[in-house]
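Here is the structure we will look at.
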Amino acid sequence: MKNTSLHTYNAMVVLCLVLVNAYGCAQQPNCDISKDLLVVQFDFKTDIDDLHTAAGLATLLKHPDYQDLNYFAVAGTYGIQEGLYVPPNELMKLAFNEQWADAHENWDKSVNLVLEKALKTIDTGGSVWIAEAGQSDFTADWVKKLAENNPTLNLKDNIHVVQHSNWNESATDPIKLQYAQTFTDYHKIEDGNKTGNGTPGFKSKGIVDWESKLRDPHLNKVWDTAIRLGNHYNGRDGRYLNKSVAKGGLDFSDLSEVCYILNLMEIENANQFFTYFKVD
């Protein structure tokens, strides 16, 4: 009888997660940039694509429509995957100044920083949107702490998580993934590495002419740094070899989640991204 009950419980958990994911796919974002907080969480392990994604985010933030966007970036929000970290600090400081935290160096401090910002946003009537440029382990940690300290808070009304990658989910601690999918407003969108699936595809198959469209000295330096670091660490010491980048292309596929949050899904690929966010 106990085994039967356990099997029934497990089946119900699986069904709940399927329904949560299906619901997340069907939902449309409703981010209010006048009061909401965008948190972009980068794993930087072991693919170098997050370097390009960070540069893409800095480019988006330069646009007049998003210069006042309340955001925070976190580096090192990796899960259970093995392999070496891609050191991003030079780029993160250049791209985001003081608006970022280093979870690779200090996980607990970073959890508390995001928790503090989330509480401030919620207290003033806003919601928190998380773009998972990696796994959901970090999200589960700070959201669980938020829930424990605020038991009456409706997490699904206030915490919105966006994930685009099946691999990222597979590299998340299963218990923490289940927590994030069950207790937050979890959105699963199509893979940002591909085009033609309704989600921007920001992994290029060839060289992208970004320099002629971004004439801002700071953004040029940001992209130069991201590309230099990416070329240095791509496939190095057993890290993942990003073949698109190795051929001279760009890969900022995780930025597809930010585009989803900000209702920019009409942007199809990397070239269109730089046309849209052209800076003279």
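Laboratory data are not the source of any read-out in this text; all were calculated from the coordinates shown. Predicted, not measured: the structure shown is a model, and the values here were computed from it. Methodologically, a virtual Cβ is constructed for each residue, glycine included, from the backbone with ideal geometry; neighbour enumeration extends over all protein chains shown.
Structure above, values below:
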{"quantity": "Scan of the stretch 137-152 for residues that are assigned to a loop (DSSP other than H, G, I, E, B) and either surrounded by 15 or more Cβ atoms within 10 Å (Cβ to Cβ) or polar (S, T, N, Q) (or both), ordered by number", "calculated": "N150, T152"}
{"quantity": "Any pair with Cβ under 8 angstrom, 6 or more apart, that starts in the stretch 200-214 at a residue that is in contact (Cβ under 8 Å) with a residue 40 or more places away in the chain and among the hydrophobic types (A, V, I, L, M, F, W, C) and ends at one that is surrounded by 20 or more Cβ atoms within 10 Å (Cβ to Cβ) and assigned to a strand (DSSP E or B)", "calculated": "F202/D251"}
{"quantity": "Matching entry among N263, N269 (being at negative phi and either in contact with a Lys or Arg (Cβ under 8 Å, 6 or more places away or on another chain) or not aliphatic (A, V, I, L, M) (or both))", "calculated": "N269"}
{"quantity": "Number of the exception - E266 against (1) in contact (Cβ under 8 Å) with a residue 60 or more places away in the chain; (2) more than 14 Å from L61 (Cα to Cα); (3) not β-branched (V, I, T)", "calculated": "(1)"}
{"quantity": "Close pairs from the stretch 160-176: first without any contact (Cβ under 8 Å) to a residue 40 or more places away in the chain, partner among the aromatic types (F, W, Y) and surrounded by 19 or more Cβ atoms within 10 Å (Cβ to Cβ), Cβ under 7 Å, at least 6 apart", "calculated": "V161/Y186"}
{"quantity": "Test set (1) touching a residue at least 40 places away in the same chain (Cβ under 8 Å); (2) under 21 Å from L264 (Cα atoms) - Q135 fails condition number", "calculated": "(2)"}
